Amino acid sequence: MTTVDGDLLDRSDPLAPIRALFDLPEGVVYLDGNSLGPPLRSVRARVAATLEEWGADLIAGWFQRGWVDLPARVGARIGGIVGAEPDSVVACDSTSVNLFKALDAACSLRKGVLLTDTGNFPTDLYILTALARRQERTCRVVEPQALVDSLTPEVAVVALTQVDFKTGRLHDLRRLSARAAETDTIVVCDLSHSAGVMPIGLAETGVGLAVGCGYKYLNGGPGAPGYLYVSPSVQEMAGNPLTGWFGHEDPFRFSPRYQPAAGVGRMQVGTPNVLSLVALDEALTAFAGVDLKEVRRKSLGLTSTFIEMIDAMFGDQVEIVTPRQQAERGSQVTLRHPRAGPVVEALARKGVVGDYRPPDLIRFGFAPLFNSYKDSCIAATTLEAVLEEALS
Ligand SMILES: *Cc1c(COP(=O)(O)O)cnc(C)c1O
């Protein structure tokens, strides 16, 4: 079998020092950062400081401490990570709610059919199909590989998740957007499984609107706010269907008439979740000065190391669902196994945390900011032990 020296690879990893920022339990290999990222060590003090501000300043905190601006400030940080234009991202609400707003806004810009693929995340599919019903539009759901070729001129909006949460397959966003430009289709992209693990370059892709999750690779904490991007090219035309007062141009004028804020700010609905936004803001400091090309290189290094070891150990006895082509891979590796559930439980007992997606998938998410090459090696050898010992 191939011997991979994880320690050696870690020593030449320029991102390795970032791991020390995270508060990870001793002896645990955490490969579930694509479900819930771990906390930064500095988050506790930052949230505690906000609690102090609250007690000291009470209502005045909204302006004196800048709480009202958190959605824009945190949005700007996320904008940097996803390569968006300035002032085009706002952090608010959950991914599901943001997706509803984004899809409705996209529908208001184009008449016609909605298109998505079977690999999209359930909440995305639910919201999309319900919206299609409300709007009396057709919603086509095709195989992921068929998405680009299904873009025809009657398709008004195509909705996709850039990296498939089950298989880890990465869509070719540039190719899709280029085709969408030809058919005059608006692209609405969910970045939940791609933001923070690769450069996305939203400003160059031609995506119309995008949403994403704050608590996966962005490590914002359980239930952290999501975010919403609106391309500057459609910002002034795209309306928010949930016309709450925080999307108003001046909420504190308390006007009885709704007047949307300029730009992406109108995509807010109600009062910002200050404590959660502060935790997310702090989490994003882990990305300060980090080159996302380096992050992508390491992500592919971690997944490739793991795949090579699995191949060497099991040959074709264990099916790797995730594409072997690096260009088609996100930052996870998914295996298929008939006893996937018990395998994941046995791994967790040995300190390797992945997750189980019924009926037969085992998912390992690799987060380049805190996972190491050694983690990849330990995960593979632990999996070998689990499959041989307990389950053969
Ligand atoms: C995690 C995830 C969500 C989660 O949505 P919430 O509203 O935060 O529950 C939505 N879409 C995708 C693609 C996800 O990966």
Report task. Rounded to the nearest Å, what's the spacing between the alpha carbon centres of the range 50-119 and the range 1-46? Just the number, please. Result -> 28
Report summary line: Counting Lys and Arg as +1 and Asp and Glu as -1 over every other residue whose Cβ sits under 13 Å from the Cβ of Arg169, the net charge comes to -1
Query raised in the report: lysines within cross-link reach of Lys298: Cα-Cα under 26 Å, excluding same-chain residues under 8 positions apart?
Result: Lys166, Lys216, Lys350, Lys374
**Report entry** Of Asn219, Leu109, Ser255, farthest towards positive along the dipole that unit charges on Lys, Arg, Asp, Glu beta carbons give the chain
**Finding:** Ser255
Query raised in the report: Roughly how many percent of the accessible protein surface of the chain is carbon and sulfur, given a 1.4 Å probe and a whole-percent answer?
Result: 54
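Just to be sure I understand the rule: take each whole DSSP H helix in the chain, project its Cα atoms onto its long axis, keep it if the span is 30 Å or more and its mean Kyte-Doolittle hydropathy is at least 0.0. Which ones pass?
Span-like helices, by this rule, are 292-314.
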Query raised in the report: Of Leu300, Gly351, Val333, whose Cα points farthest to the positive end of the dipole of the range 283-389 (charges on the beta-carbon: +1 Lys, Arg; -1 Asp, Glu; origin at the Cα centre)?
Result: Leu300
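Quick check: residue separation of Thr271 and Thr3 times 0.36 nm, minus the Cα distance between them. What number comes out in nm?
Numbers: separation 268, 0.36 × 268 = 96.48 nm, distance 5.37 nm.
Taking Thr271 through Thr3 to full extension adds about 91.1 nm, to one decimal.
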Report task. Highest first, please rank the peptides 90-100, 294-304 by the mean number of other Cβ atoms sitting within 10 Å of their residues. Result -> 90-100, 294-304
Requested in this report: Please work out the C-alpha center-to-center distance from the range 192-230 to the range 334-352 and express it in whole Å.
Outcome: 28
Query raised in the report: Hey, what do the phi angles of the range 19-26 turn into as Karplus ³J(HN,Hα) couplings, whole Hz, using 6.51/-1.76/1.60 and θ = phi - 60°, x for Gly and Pro?
Result: 3, 5, 6, 9, 9, 10, x, 4
Report summary line: To the nearest 20 debye, the chain has a Cα-centred charge dipole, built from +1 on Lys and Arg Cβ and -1 on Asp and Glu Cβ, of 620
Query raised in the report: Can you give the calculated 222 nm mean residue ellipticity of the chain, where each DSSP H run of n ≥ 4 adds -39,500 (n - 2.57) and the sum is split over every residue, rounded to the nearest 500 deg cm²/dmol?
Result: -11000 deg cm²/dmol
Query - Relative contact order of the range 187-324, defined on C-alpha pairs under 8 angstrom at six or more residues apart (%) - result: 23
Query raised in the report: Using the Kirkwood radius built from alpha carbon pairs, what does the Stokes-Einstein equation give as D for the chain at 10 °C and 1.306 mPa s, in µm² per second?
Result: 73
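Rank-order 364-376, 309-321 by packing density, defined as the average count of other C-beta atoms within 10 Å over each peptide's residues, highest first. Walk me through the intermediate numbers first.
Numbers: 364-376: 25.7, 309-321: 15.2.
Taking the mean over residues of other Cβ atoms within 10 Å, the ranking is 364-376, 309-321.
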Report summary line: Any residue on another chain or 5+ positions along whose placed amide H is under 5 Å from the amide H of Val211 is listed here as Cys189, Asp190, Leu191, Tyr229
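The values are calculated or read from the model by the stated rules, or taken from the named source; none is laboratory data. Small disclaimer: the values here were computed from a predicted structure and weren't measured. Cβ: placed from backbone, ideal geometry, glycine included. Neighbour counts: every protein chain shown. Surface accessibility is based on the protein's heavy atoms, side chains included, excluding ligands, DNA and RNA. Shrake-Rupley method; radii C 1.70, N 1.55, O 1.52, S 1.80 Å.
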